[in-house]
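First the structure, in the form of C-alpha cells, and then the observations on it.
Since every read-out is calculated from the coordinates, none of them should be taken as a lab result. A quick note: this is a predicted structure, and the numbers were derived from the prediction, not measured. No Cβ is skipped: glycine too gets one built from the backbone with ideal geometry, and neighbour counts run over all protein chains shown.
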C-alpha cells in the first residue's frame, strides 16, 4: 500500500473513533502514516491541536521530532519519466533518432501517445514533489508553533534550571521562527498552486487522458492540490500568533515588574 493511501485510510478510521482511548491509538496510527497534526485534529473533530499532541504523547510520540521525508521517487511509466525523455538516452530522443536513421521507430500515433504521457508524467512528478514540500513545510510550521507554546510554558516551570531571561529570549526567538515558518509554508503552497492540476478544463485533454489511462492504472496515486487560500490562512496564523504573543508579553511585563519591586 502506498504511503498516501495508508495515510488516507488512517485518517478515515480516525473520523469514526468512538471507544474511549481509541482516538489516541488512531491518532498515533495516522501520525505514523505521515499525517500532520492539523490533518489529525480536523479528522478527529477535536477543538484544539493540544488534544492531539496529548494523544500522541500518551503513545510515546513527540510531534516535534518527526524525521524529514525522503525525496519523492520519480514515477516511471512505459520507460518514460517526463524528466529527460527528450535528452540523449531518453525514450523520445531514441525514437526520433531511430526514425531519422531509418531504423524501426514508433508509429506516429504511438509517438504522439508517448509525447503526451511524457508531458503528463512531467507534471505528475512535479506535483508529487511540490505536494511533499507543502506537507513538510506545513509540518515545520506546526512544529514551530508548538515550540512557541512549549517555551512559554517552560517559563513557569519552578524546576527549570536555566535563568528566566534566557528562557524568555528562547521564547521570543521561537515566535520569530514561527512567523518565518508560516511564511515558508505560504511560499510552498503558492508554488504548488501555480502548477497545472491534470484536470479537464485546466489542462490539455491529451495530457489528462495520459494521466487517467496510463499513470493511474499503473498503480500510482492521484495527485490533487489542496483547497487552500494560502494568503488568508497565513494571515490568520500570523495574527493569532501576534495576539497571543502580545497577551503573553503583558503577563511577562507584570512578572518583571513584581521582580523589580522585590
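Remarks
- Ordering of 73-80, 223-230 by packing [mean C-beta count within 10 Å, highest first]: 73-80, 223-230
- The chain: angle of helix 91-100 to the longest principal axis, Cα-based, in degrees nearest 10: 20 degrees
- Using the Cβ-Cβ distance between residue 25 and residue 193 with R0 set to 35 Å, the FRET efficiency works out to roughly 0.50.
- Computed from the C-beta positions of residue 100 and residue 218 and an R0 of 25 Å, the FRET efficiency is 0.25 to the nearest 0.05.
- Simple spin-label estimate for residue 58 and residue 235 in nanometres, 7 Å along Cα-Cβ: 3.8 nm
- Rounded tilt (10° steps) of 230-261 against the dominant C-alpha axis of the chain: 20 degrees
- Per-peptide packing, taken as the mean over residues of other Cβ atoms within 10 Å, places 21-29, 141-149 in the sequence 141-149, 21-29 from highest down.
- Sorted largest first, extent of the stretch 59-208 alpha carbons per principal axis (Å): 82, 31, 28
- Distance between the 7 Å Cα→Cβ label points at residue 111 and residue 156: 7.2 nm.
- FRET efficiency estimate (nearest 0.05) - Cβ-Cβ, residue 50 to residue 83, R0 25 angstrom: 0.05
- Here the contact order of the stretch 68-261, divided by its residue count and restricted to Cα pairs under 8 Å and six or more residues apart, works out to 23 percent.
- Note on the chain: with a GNM built from Cα contacts shorter than 10 Å, the maximum mean-square fluctuation among 60, 122, 34 falls on 60.
- Calculated diffusion of the stretch 130-258, Stokes-Einstein form, Kirkwood radius summed over Cα pairs, 4 °C and 1.567 mPa s, µm²/s: 74 µm²/s
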